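I have placed the structure first, in the form of structure tokens, so that the comments after it can refer back to it.
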Amino acid sequence: MKNTKSIKGWKRVNHFIFNQKCIPWFVFQKIKEIKESKASFRYKFDENIDYILTFKAKVYSFDIFDTIITRSTIVPEGIFLIIQKEFKNCKIAFNLPRELKDNFLFFRIESEKKARKATCKKEINIYDIYNELSKNFNLSVSTKNFLINFEIEQELKHIKVVPQIANLINFLHANNRRVIYVSDMYLPENVIRKMLERIGVFKDIDRIYLSNEFNATKADGSLFLQVMEEEQCLPSEIIHIGDNIQSDVIRSRKKGINSFYFTDTHPNRYENIILNDIKSTGDNILYYNSIWEEIAKASKLARLNAGKYTKEYQRIFYSIGANIAGPILVSYVLWIIKKTQELKIKRLYFIARDGQILLEIAKRINKFLGLDIDLRYLYGSRQTFNLNSNTSINVVSKYLEQEGLNDKIRWAIVDLGWQGSLQDSLAKIIALAGFRNREIYGFYFGLIKNNNDDPNNIKMAYFFNLGSKDSYFQIGSDFITILEVLTSANHGTTLSYYQNIEGRWLPKLRSNFADSYSMMGIECLRNGIYAFLDNLPHEIFNHWDFISETTKFKLATIMKFLQYSPTIKEAVTLGDFYYTSSPGDVNLKPFAPKFTLSKALIYGISYYCNNRKGYTYWLEGSRKRSGGVLNIFLSWRCQRLLRKLGLVLCRVINE
């Protein structure tokens, strides 16, 4: 046995772990996780962007895959599944063994494993991988070369640029800074160069350092030593950015390099909810569901485009559109379209204002699917359709007739929810006006009131309903105010109608309904939703089971994350959005403002008061952004105690 006294520091710990087994492996893993967690927090790219831009380094180094380039698949192995699918339609692949064509994903992953075990080099290349694959199936040289070229072709075809890093590189080039690319990769340099040129970030003066070309890796730090030697610079003169916490950050930091952790290309918590059917453990894909992979991929690729915005709140709004509003609202609109086809409805009226974004989504899906549903926007509000309002029934009925509600076709209205009172008012106006079509269908995201007694006034809910027996009513009803923010329109509420000189009836809208921050938020949010839609393959609309228990569970989980445990950035961004639950855009206030101690106390005590929502519409958002000791005062336990205190005070005052 070796003398452990001669072994110092961590080497002694490693000696005990691997030789004497005195320290359990899970302890070593836990220490590693703690180190990674500290490094990921301290050296996060987003938190250090100002330093990166102002520090004049001699060399700016970038990891390649999942830093400057990402594949159009949610996991790296997804490219092999694309190849496997292509083989089914590829006539050139007719001479491949049937087993290889049907299971290329599995055999490609296994061949890479075997190649790594068999080599004495620090890194393998793509030829080593296909040599192993050729041994298994006794492939000819021409077939092996075909497979190599086909994989390279697919890699080039399915790359996407990461805008935030591309913008940084273009800035560095414009300021004559030295840019290099460093990667642990099996693809040859000419292929990597072609990728970088294709996305527009490579200049002739730049240089690429690949592990398989230098027989050195970032994983053990040797490739960074090679970079310093070739670039003739000190480690403190290099800034390196990458997505791997171990090889890009911890290893390079040990060499003295200023490295930063870029995580935008990693699936975030919302994408992981969608991805819970797709798990990548090590090199193994345990389960692959192509529909959910496509949805998660669309969400991720859309989110990555948020980097084109310069202000953080714009990027957060855009990301919320791509990750949250996109999947929720698209699934709702798909359900509406399915119901429309089942009931043979020819026209849909999307009610202002929540219906504005729903209409835009429906138009895109209608075009993708080649449907002929007549989609229209109907200006109206609880105020204008109220029989007791100042707007005369005669004026309202003329506007409704002009918009085609008296036509001899079956139509339906679309709204978010929540009681269906607007539909009831509309039904009364139509009856009083003597319209031909007295049968009204209403589609809603959710309903908190049962009122389907009238067979000619039918209301249907997608996600939750007071009468349903599922578990989604609680989160659905809690999420109402956030969903109203996510579907905010870019115009004010409808006050009344007027007739122009051409004789058309037009809506009179409230002006000054929102500040510039909220208007920009609406625009960025919608662009995120549209990007999500644009990244979805059109054929998915025919295969996505948007009414299944799986879909609803995923959507509910997404809602719960935002509703009950928002990130600080989400809380601040949505919290500063101006919102009101009052009709007519009156009493607009920040959605979830930061609390002071006195406001937190008053909020809890005034639980039984009617004006309590004047403090916040989203308690968890206010709590998250308030932080510190206010987290305690705004917790449900403390709030419950404050409610009891408030009830006692009310009784004392009343006595």
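The values are calculated or read from the model by the stated rules, or taken from the named source; none is laboratory data. Being a predicted model, the structure only gives us computed values, none of them experimental. Note that each Cβ is placed from the backbone with ideal geometry, even for glycine, and that neighbours are counted across all protein chains shown. Remember, those area values only see protein heavy atoms, side chains included, never the ligands or the DNA or RNA. Shrake-Rupley method; radii C 1.70, N 1.55, O 1.52, S 1.80 Å.
Distant-in-sequence amide contacts of L509, defined by a placed amide H-H separation under 5 Å and a gap of 5 or more residues or a different chain, comprise L495.
Given their separation in residues at 0.36 nm each and the Cα-Cα distance between them, E439 and Q341 gain 33.6 nm when the chain is fully extended. Taking amide H positions as modeled 1.01 Å from N, with prolines and chain starts lacking one, the residues under 5 Å from N258 and 5 or more places away or on another chain are I238, H240. With bins 10 Å wide beginning at 0, the percent of Cα pairs of segment 191-350 falling in each bin runs 9, 23, 28, 24, 9, 5, 3, 0. Dipole orientation for segment 313-382: of the candidates F317, A352, L329, A352 has the Cα lying most toward the positive pole (charges on Cβ; Lys, Arg +1; Asp, Glu -1). Take every Cα pair under 8 Å whose residues are at least 6 apart in sequence, average their separation, divide by the length of segment 559-598, and the relative contact order is 33 percent. Under a 5 Å amide H cut-off, with hydrogens placed 1.01 Å from N, Y209 pairs with Y181, V182, S183 among residues at least 5 apart or on other chains. In terms of packing, defined here as the mean over residues of other Cβ atoms within 10 angstrom, the peptides 305-312, 240-247, 361-368, 539-546 line up highest first as 240-247, 361-368, 305-312, 539-546.
A simple count of charges around R504, restricted to other residues whose Cβ falls under 15 Å of its Cβ and scoring Lys, Arg +1 and Asp, Glu -1, yields 0.
With the highest mean first, a sort of the peptides 336-347, 210-221 on other beta-carbon atoms found within 10 angstrom per residue produces 210-221, 336-347. Calculated accessible area for segment 482-530 comes out at 45 Å² per residue, all protein chains present (probe 1.4 Å; ligands, DNA, RNA ignored). In order along segment 591-601, the Karplus-derived 3J(HN,Hα) couplings, from 6.51 cos²θ - 1.76 cosθ + 1.60 at θ = phi - 60°, round to 4, 8, x, 6, 8, 9, 4, 5, 5, 5, 5 Hz, and Gly and Pro are given as x. Computed from backbone phi with θ = phi - 60° and the Karplus coefficients 6.51, -1.76 and 1.60, the 3J(HN,Hα) list for segment 245-252 is 4, 7, 6, 8, 10, 5, 5, 6 Hz; x is used for glycine and proline.
For segment 335-398, the solvent-accessible area with a 1.4 angstrom probe is 46 square angstrom per residue. Each residue of segment 393-405 was assigned a 3J(HN,Hα) from its phi angle through the Karplus expression (A = 6.51, B = -1.76, C = 1.60, θ = phi - 60°), giving 4, 4, 5, 4, 5, 5, 5, 5, 5, 4, 7, x, 6 Hz with x at Gly and Pro.
Sorting the segments 471-477, 113-119 by their mean number of nearby beta carbons within 10 angstrom, highest to lowest, gives 471-477, 113-119.
For segment 357-459, the list of GluC sites (Glu not before Pro) that fall in a loop by DSSP and count at most 15 other C-beta atoms within 10 angstrom reads E439.
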